[in-house]
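Here it is, the structure, as C-alpha cells.
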Amino acid sequence: MLGDDAELTAAVLAAQDGDETAFRTVYRAVHPRLLGYVRTLVGDPDAEDVASEAWLQIARDLERFSGDADRFRGWAARIARNRALDHIRMRGRRPAIGGDETELTGKAAESDTAGEAMESLATDRTLSLIARLPQDQAEAVVLRVVVGLDAKTAAETLGKRPGAVRTAAHRGLKRLAELLGDDPESVGALDAVPPPREPRGPAVTSAGVTHIRARTQKDM
C-alpha cells in the first residue's frame, strides 16, 4: 500500500505514460478499498467480478483522467459505482445494502495502528455490519473511511452535498460502533480509525498524457 499521496499521484502519471509497473502499483494501492466499496453495493459473491469490470474501464479511460491522488480515488470510485449499478440492473435485483437505485451512484493509512483499523473495517465481518446501515450512511462510511475520500470528492461520487455526506458518515460511524460493540469478535475495530479526510488544496492536474493499452487483471 502506498502511504503517500505524492507517490500515488506519480504512479498514476507514469501509468498514463504507459508504465505497466506503475499501473500495477496504482492497482495494488487502490484496489483493496475499492473492492470493499463494491462489496457494500452488490454483495460479496459478485464483488470481484464487478471490481474487475471497473478496473478494465479505469485502464481503458486512464488517458482521459486529470488530477492527483485524491481525484483518482474519487474517479475510480465513481467508475466502480456505475459498474455496480449496471450489475444490479442487469440482475434485476435490489442493492445489497438496501434503498432504491437512485441512491446508488486507497488511501492507505499513514501509521501501523490506523492501517490495522482500516484492515479491520475491510473484513467480512465488519463489511457485513456496514451493510446493515442505511444506504446513505453505508456508502458515506466506506467512501470516507475505507476508500479515503474527502467530503467533497465523496459528495461528487454520490451526487450529494458535502455536508450531507459528512452527516451520513458521522451517523454511520456512530451506529457502526454500536453494532461492533454488540459483536464481541469485532470490539475495538474502530478505536484507531483516523478522522475522515478533508481537502488540502486544489487538485494537481496532469499534462502530456499518451495512450496506453487496456490491461487485464492478470497484468495487475
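Where a number appears in this text, it was derived from the coordinates with a stated rule and is not lab data. Note that the structure is a prediction, hence the values are computed from the model and not measured. Positions of Cβ are backbone-derived with ideal geometry, glycine not excepted, and every protein chain shown enters the neighbour counts.
What distance in nm separates the two pseudo spin-label positions at ASP44 and THR167, each 7 Å out from Cα along the beta-carbon direction?
If labels sit at ASP44 and THR167, their model points lie 3.4 nm apart.
Next up: Report, by chain and number, residues whose modeled amide H sits under 5 Å from the one on GLY67, excluding near sequence neighbours (fewer than 5 apart, same chain).
SER206
Here is a further query. At a 10 angstrom cut-off on C-beta neighbours, averaged per residue, how do the peptides 162-171, 73-82 rank from highest to lowest?
Working: 162-171: 18.1, 73-82: 23.2.
Result, highest mean Cβ count within 10 Å first: 73-82, 162-171.
Give a residue-ordered list of calculated ³J(HN,Hα) values for the stretch 8-17 (Karplus: 6.51 cos²θ - 1.76 cosθ + 1.60, θ = phi - 60°; whole Hz; x for Gly, Pro).
Once θ is set to phi - 60°, the couplings for the stretch 8-17 become 5, 4, 5, 5, 5, 4, 5, 5, 5, 8 Hz.
So for the pair GLU20, MET90, with labels modelled 7 Å out along Cα→Cβ, what separation do we get in nm?
If labels sit at GLU20 and MET90, their model points lie 2.7 nm apart.
Karplus couplings for the stretch 60-76 from phi (6.51 cos²θ - 1.76 cosθ + 1.60, θ = phi - 60°), rounded to Hz, Gly and Pro as x?
Ordered by residue, 3J(HN,Hα) equals 5, 9, 4, 4, 8, 6, 9, x, 9, 4, 4, 5, 5, 4, x, 4, 5 Hz.
Output ³J(HN,Hα) for the stretch 131-142: one whole-Hz value per residue in order, computed from phi by the Karplus curve 6.51 cos²θ - 1.76 cosθ + 1.60 with θ = phi - 60°, and x for Gly and Pro.
For the stretch 131-142, the Karplus-derived couplings read 5, 8, 6, x, 3, 5, 5, 4, 5, 4, 4, 5 Hz, x marking Gly and Pro.
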